Amino acid sequence: MPAHLVCFEKACRKRYPVTEVIYNCPSCGGLLEVAYSEWTLDPERLKRVFRERRMSNAPLEQSGVWRYRELIPFLDDFGNVVTLREGNTPLLESPKAAAYGGLKNIAFKHQGFNPTGSFKDNGMTCGASQAIRLGMRRVACVSTGNTSASMSAYASAAGLQPIVFVPHGNIALGKLAQALEYGALTLQVEANFDQILALVRTLAERLGIYLLNSINPFRIEGQKSIAIEMMDQRDWRPPDWVVLPGGNLGNVSALGKAFRELRDLGFIPRLPRLAVIQAEGAAPFYRFMKAPRPGGFEPERRPETLATAIRIGAPVSWPKAWHEIEQSNGVVEQVSEEEIADAKAQIGRAGIGCEPASAATLAGIRKLTAAGVIDQEADVVAVLTGNLLKDPDYVHRYHTGQLKAADGRPVRGRFANKPVVVANDPDRIVELLSE
Ligand SMILES: *Cc1c(COP(=O)(O)O)cnc(C)c1O
Ligand SMILES: [Zn+2]
């Protein structure tokens, strides 16, 4: 089943070889996606094969991405794969968090269990493997955090040189720490995300660097495995809703594509509805979907949210995301800084924990159940995109009442859990613990 790149624009739909180094359609500038011709599979046989592979010690079978390689078949030589055993993330249930969200039940698909702590690893294993296939020696990305952490790890594991461009002063410390530790040449540029992206695109060609930004269609192919593994874990029963945060909108594009392909290939009977949640200060897609029209996309010039992973003003994958919301009869919602912070603390108290952007899911679910959009009996999976320890500064500020929005306004948490300072006095401690 030959793989190729195809332009996402309906009016163009030009095809290109999968080995061409292009990031947008050379003809019209549209987004590219990976497509497969003559693609038929035997779902019942493959469902058994996927299960059997879980018992294997072979690296490819231990990966929660490559175990499903028949559903992401763009490589012709698996010798090019670089894997850190990504994926394999749990579905965690929590009646307590469900109640906070206005639901009977909820399951969190926790992508923070990945090797570098976010879902970016599901995609990066594919992006980095494609870079090796293309014979590239250096890879680069512009990133507000998790992409740079993930790319650095996969590039270094594969013997490629990682180059990370970050907007100066706008990154959670845990993520910058990872890029440095994984050996990336890290350039903090005094410009915003979009300016740096334009710069890097001209440099990439001049210097022979492969770009692993979020429009990279091979990363999107890898992120499909989040949906595929979720279905495998649920014995191929699609939920009513899959809820995820939206920044650049690559992930909703990937999950939507995965569910459609699984349905078309006969693995699942129907699509779940997708709900994308944005932060109020960075919600251009939310506003667009109130009155969608072709080309009518208005970027947010000054995106602001403490959930830095979704602090995106001009989401590159919006045409794909729009398509997936339409196809799945989905919705887009926005939530405030307080709603994100409190939902995050609730996910923490359920013993699960996640980074701020991830908690937008539960905050959005709470709003959507209150509005009657999501039924309280509904079968809901929320995707927690990143690990709690990505942004410890945020956590500490929340619990000590010091969290402030970008404009200096305090973000008041309802579930602060302040550390208690106590003298070295047993009687006092006994007194405290008996309160
Ligand atoms: C990248 C990222 C997002 C945003 O995903 P998009 O695909 O850009 O919409 C959300 N949460 C976390 C933790 C991320 O790393
Ligand atoms: Zn095109």
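The values are calculated or read from the model by the stated rules, or taken from the named source; none is laboratory data. These numbers come from a predicted model, not from an experiment. FYI the Cβ positions are ideal-geometry reconstructions off the backbone, even for glycines, and counts take in every protein chain you see. To get the accessible areas, we keep the full protein, side chains included, count just its heavy atoms, and leave off ligands, DNA and RNA. Shrake-Rupley method; radii C 1.70, N 1.55, O 1.52, S 1.80 Å.
What number goes with the only condition from (1) more than 30 Å from L176 (Cα to Cα); (2) open to solvent by less than 10 Å² (accessible area, probe 1.4 Å) that G112 does not pass?
Going through the list (1) more than 30 Å from L176 (Cα to Cα); (2) open to solvent by less than 10 Å² (accessible area, probe 1.4 Å), G112 breaks only (1).
Go through segment 133-150 and give me each residue that's in contact with a Lys or Arg (Cβ under 6 Å, 6 or more places away or on another chain) and not hydroxyl-bearing (S, T, Y).
G145, N146, A149
Any residue in segment 228-249 that is open to solvent by less than 10 Å² (accessible area, probe 1.4 Å), within 16 Å of ligand 1 (Cβ to nearest atom) and polar (S, T, N, Q)?
No - not one qualifying residue is present in segment 228-249.
Of all residues in segment 250-285, which are over 20 Å from A227 (Cβ atoms) and either open to solvent by 40 Å² or more (accessible area, probe 1.4 Å) or in a loop (DSSP other than H, G, I, E, B) (or both)?
Answer for segment 250-285, where residues must be over 20 Å from A227 (Cβ atoms) and either open to solvent by 40 Å² or more (accessible area, probe 1.4 Å) or in a loop (DSSP other than H, G, I, E, B) (or both): E280, A283.
What do you reckon, is G87 buried (at least 20 other Cβ atoms within 10 Å of the Cβ), within 19 Å of the chain's Cα centre (by Cα) and within 16 Å of ligand 1 (Cβ to nearest atom)?
Yes; evaluated as a whole, the condition is true for this residue.
Can you confirm whether I340 is within 26 Å of T89 (Cα to Cα), buried (at least 22 other Cβ atoms within 10 Å of the Cβ) and either among the acidic types (D, E) or at pLDDT 95 or above (or both)?
The answer is yes for I340.
Please go through (1) aliphatic (A, V, I, L, M); (2) modelled with pLDDT under 95; (3) out of contact with any Phe, Trp or Tyr (no Cβ under 7 Å at 6 or more places or on another chain) for A157 and return the number of the only condition it doesn't satisfy.
So A157 meets the others, but not (2).
Looking only at segment 351-384, which residues are open to solvent by 10 Å² or more (accessible area, probe 1.4 Å) and closer than 22 Å to D121 by Cβ?
I352, the sole residue that qualifies.
So is K320 in contact with a Leu (Cβ under 8 Å, 6 or more places away or on another chain), touching a residue at least 24 places away in the same chain (Cβ under 8 Å) and under 23 Å from N248 (Cα atoms) or not?
The answer is yes for K320.
Kindly indicate the residue of segment 27-48 that is free of Cβ contacts under 8 Å to residues at least 12 places away in the same chain and at negative phi and also least open to solvent (accessible area, probe 1.4 Å) among those meeting that condition.
Out of the qualifying residues, it is D42.
Quick check: is even one residue across segment 26-34 out of contact with any strand residue (DSSP E or B) (no Cβ under 9 Å at 6 or more places or on another chain) and among the hydroxyl-bearing types (S, T, Y)?
Among the residues of segment 26-34, not one is out of contact with any strand residue (DSSP E or B) (no Cβ under 9 Å at 6 or more places or on another chain) and among the hydroxyl-bearing types (S, T, Y), which makes the answer no.
In segment 386-401, how many are surrounded by 13 or more Cβ atoms within 10 Å (Cβ to Cβ) and either of a type in the set (K, R) or more than 17 Å from L173 (Cα to Cα) (or both)?
So the answer is 4.
Please go through segment 287-333 and pick out each residue that is open to solvent by less than 40 Å² (accessible area, probe 1.4 Å), among the polar types (S, T, N, Q) and in contact with a strand residue (DSSP E or B) (Cβ under 9 Å, 6 or more places away or on another chain).
T305, S317, S328
Of all the residues that make up segment 396-435, how many are touching a residue at least 40 places away in the same chain (Cβ under 8 Å) and out of contact with any Pro (no Cβ under 8 Å at 6 or more places or on another chain)?
Total meeting the criteria: 11.
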